[in-house]
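Below is one structure; the comments refer to it alone.
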Amino acid sequence: QGAQAGSRRAPPTLTAPLDFPCDHAARMESAIDAAGHSVVSRSHAVEWVNSYGEAWRLQDPERIVALFTEDGVYIERPYDPEHGIYRGHEGIRAYWVRHIQACERNINFRHLEEDLVFDAETRTAVVKWEARFEVSPGPGRPWKLVQFLQIARLCFDADGRVSLLEEFWHARSCQRACKGLRDPRARRPRCGPKRKMPELGGRTCSHSALWHAQLGPFEREAMALKSGSRQRVEAAAPTFQPSERIATKVTPKAEAAVAKRESDGDGDFEVIPMMAAAMRSLLAGSFERSSDLVGWYLRSATLAQLTEDSDVTGAPILRPLGAFLWEELRRWLDIELDALGALPLYLPALAQKAKVSDPGDQHDEHDVVAGLAVRASTEPLLYSVMARSWITSSRDLPLVLNRWGAAVSHENVRRPLPMMRGRELQLQEGHAAHADPTVAGDFADIVEKLYVRLCEELLAVAPRVHTAPASRGDAEDRGTPVEGATGRAVLGVPIPGAASAGSSAFGADAGVVEVASIGRLGSASAAAFKMRYAHTSAEGKCMTSPCSLTCFSITSRAIGAALCAHGDNAGFIIPPRLAPVQVVVLPFVGRPGGSGDPSASTGEEARALVLWCDAVVARLRAPGAAPPSAAGDAEKVSVSNGALPGAAWAQGLVRVKVDDRVCLPHGKKVQHWLSRGVPLLLFVRIAPAHDGGPGTNIDAAADGSPSVVARLGPRDMPGLGRPQTPMSAAACASAVRHELEMLHGRLLAKHRLATA
């Protein structure tokens with residue numbers, strides 16, 4: 001009928017509507033040659049379908065009407081002549097306004113051009129396209145996301161417009177859409193028992209960090225609290241003065257002795273006795289580490305200004321110095337995980353209240369708003385999403401994900417400890433999926449060695465590794481092996497001089513704090529979540545198999561355990577690689593008055609010392625050249641004894657600070673930095689005249705810096721220290737780098753020897 005009407009009419013001259021693109025009108029005119037004959041081809045049919053999709057996406061009725069002849073027919077449902085067949089421009093426009101503009105939005109159209117079939121003799125085309133959009137059954141009804149696959153028969157007129165469109169379509173819902181468009185497979189059963197969450201090998205990363213970890217001596221203290229009365233607990237709880245008041249508590253006798261030595265003109269530089277006096281002041285009225293480890297830990301964390309209590313018990317605030325420790329561990333671990341191909345991941349903290357629960361733990365949800373809860377474990381959500389769309393074939397494997405966050409719970413915690421035990425604990429967790437179980441096992445071994453390197457190279461502690469089979473986390477069958485899970489490895493840091501409460505995974509007499517875990521989940525968890533990938537078998541057949549999963553995590557408990565392992569009765573000793581301030585320069589200038597105030601010394605000496613300190617700081621904050629062959633009379637520590645390679649310190653940037661405050665005596669400055677666990681103190685002063693002062697310039701550097709007497713005071717041996725030596729700024733910077741390397745090696749060797 002359209003062809004006959006076209007043969008009777010003269011070739012029309014198309015004029016586009018007001019808001020119809022002129023380039024489409026030009027394409028329509030190109031469908032008729034100069035002789036007036038139709039030249040409709042397959043390329044013209046492709047252009048027509050693309051114009052149809054663009055008009056649908058823009059929901060423009062005028063664009064659609066311009067694609068049809070005046071008597072064109074649009075058949076949407078052939079068995080519904082009254083409401084499914086639309087004739088002429090008016091009928092097509094009314095259908096488009098009533099159904100498309102009012103009930104559809106966010107339309108994505110894709111033309112499957114390779115499936116188009118065109119018959120040039122009859123000017124008929126069979127086309128295929130996909131559309132994804134949101135549909136609403138009526139005003140005020142919710143919008144549902146659906147997907148359409150449509151096949152249409154197009155009959156073209158001689159002028160290139162369509163005289164008949166008959167479409168056949170199939171729809172599926174991408175969620176719970178309206179009744180007529182709902183996919184039956186998307187419906188959930190409305191009766192029967194509730195489906196149980198798949199077994200996760202007994203422990204998730206968050207639960208391992210909060211509830212299932214061995215705490216060594218801190219676990220013994222927690223057990224004592226549970227069995228004791230509340231009055232005894234409150235009596236045992238320490239009461240602290242403000243940290244600044246404690247840090248500046250120096251005995252008058254020690255201060256007088258230091259002032260007397262500074263006022264003497266014999267040139268002696270006795271700063272080590274002042275460090276010992278500051279240590280004795282810190283020990284006055286403090287907790288003994290061997291007898292009250294928890295009280296000592298709380299007092300040391302307060303003095304070091306690492307944490308502070310918040311309005312929620314068990315969720316402390318990490319102060320800038322404490323947050324720096326966790327960020328430094330994060331920077332170190334991010335570099336290593338990036339080399340393994342780990343990708344960053346973020347998961348929402350909120351979840352539906354009914355979907356938060358995880359088997360094996362009943363304390364993992366807390367209402368924040370109506371119907372929502374805090375997500376305590378990420379594995380159920382993550383593994384469900386991975387099984388749904390992330391892993392479909394062998395091309396998607398291996399997949400390694402890394403996430404930084406916090407493990408949270410609303411469960412009450414008795415006497416929480418910062419970075420050790422509480423309702424919230426900083427956490428790094430990773431998840432890996434591999435096709436080959438052997439490759440997954442090798443990857444778990446690599447992560448285990450990575451965590452061991454982290455403890456040795458960054459925290460200067462020697463961890464212990466314990467491997468155990470995976471067991472269920474349910475209270476009624478805890479300890480039962482999980483089928484298909486190959487086991488888990490646990491890393492613990494021994495605390496010297498402390499024992500755990502009863503037997504643990506690391507032994508009955510070892511006070512070991514669990515800091516990290518590596519779970520070899522195998523293929524059981526993947527099969528439970530239907531996480532399968534398509535691959536080709538040896539016979540050439542296409543098949544699907546569950547992948548092998550590995551989960552690994554480390555918490556801020558590693559930092560707390562390292563601080564406990566290295567600390568003494570005076571407080572924390574922060575490992576050099578981890579310390580926010582690695583070196584503190586304390587300039588001393590002798591003066592006739594004997595009080596040691598640099599502002600009262602001669603202007604020439606003060607300026608010379610300031611310039612020398614600035615030169616040392618500039619060299620320490622810049623990359624070094626090479627490890628020094630000789631740094632004063634400092635002895636070297638080999639790598640086999642636990643020290644880092646010299647190049648790691650010689651080429652790195654040193655975090656240094658100059659304490660030139662004139663409002664505090666020198667003894668209070670020393671005590672201030674000792675209480676904060678600074679690894680190394682550098683005491684400097686202008687060399688006396690008879691030892692080679694500024695006039696003689698003994699051992700001056702090539703840049704003209706003056707001769708200065710310097711002494712290194714490492715935190716691990718405050719009563720000894722390195723002997724005073726006149727040296728230049730360059731030589732002092734090299735000696736500082738070498739001393740940091742030696743200090744790290746001594747801490748690691750001492751911890752390894754004490755926990756052997």
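The values are calculated or read from the model by the stated rules, or taken from the named source; none is laboratory data. Bear in mind that the values here come from a model prediction, so they are computed numbers and not experimental data. In this analysis, Cβ positions are derived from the backbone assuming ideal geometry, glycine residues included, and neighbour counts consider all displayed protein chains. Ligands, DNA and RNA are stripped out before the accessible areas are found, and what is left, the full protein with its side chains, is counted by its heavy atoms. Shrake-Rupley method; radii C 1.70, N 1.55, O 1.52, S 1.80 Å.
Some observations on this one:
- Residues in the range 137-170 that are open to solvent by 10 Å² or more (accessible area, probe 1.4 Å), among the small types (Gly, Ala, Ser) and part of a strand (DSSP E or B): Ser163 alone.
- Taken over the range 82-126, residues that are of a type in the set (A, V, I, L, M, F, W, C), open to solvent by 30 Å² or more (accessible area, probe 1.4 Å) and within 17 Å of Asp71 (Cα to Cα) amount to 2.
- Boolean, Thr438 is buried (at least 17 other Cβ atoms within 10 Å of the Cβ), out of contact with any His (no Cβ under 9 Å at 6 or more places or on another chain) and either more than 22 Å from Leu333 (Cα to Cα) or at pLDDT below 75 (or both): no
Residue-wise test of (1) in contact with a Gly (Cβ under 6 Å, 6 or more places away or on another chain); (2) touching a residue at least 24 places away in the same chain (Cβ under 8 Å).
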residue: Arg42; (1), (2): no, yes
residue: Glu47; (1), (2): no, no
residue: Tyr52; (1), (2): no, no
residue: Gln59; (1), (2): no, yes
residue: Glu76; (1), (2): yes, yes
residue: Pro81; (1), (2): no, no
residue: Ile85; (1), (2): no, no
residue: Arg98; (1), (2): no, no
residue: Arg105; (1), (2): no, yes
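- Test: Arg395 is open to solvent by 20 Å² or more (accessible area, probe 1.4 Å) and in contact with an Asp or Glu (Cβ under 9 Å, 6 or more places away or on another chain): no
- All of Leu609, Leu563 fail the test of being surrounded by 14 or more Cβ atoms within 10 Å (Cβ to Cβ), closer than 25 Å to Val452 by Cα and at pLDDT 55 or above, apart from Leu563.
Okay, residues lined up against (1) within 19 Å of Ile151 (Cα to Cα); (2) part of a helix (DSSP H, G or I):
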residue	(1), (2)
Arg57	yes, yes
Ile64	yes, yes
Thr69	no, no
Gly91	no, yes
Thr122	yes, no
Arg132	yes, no
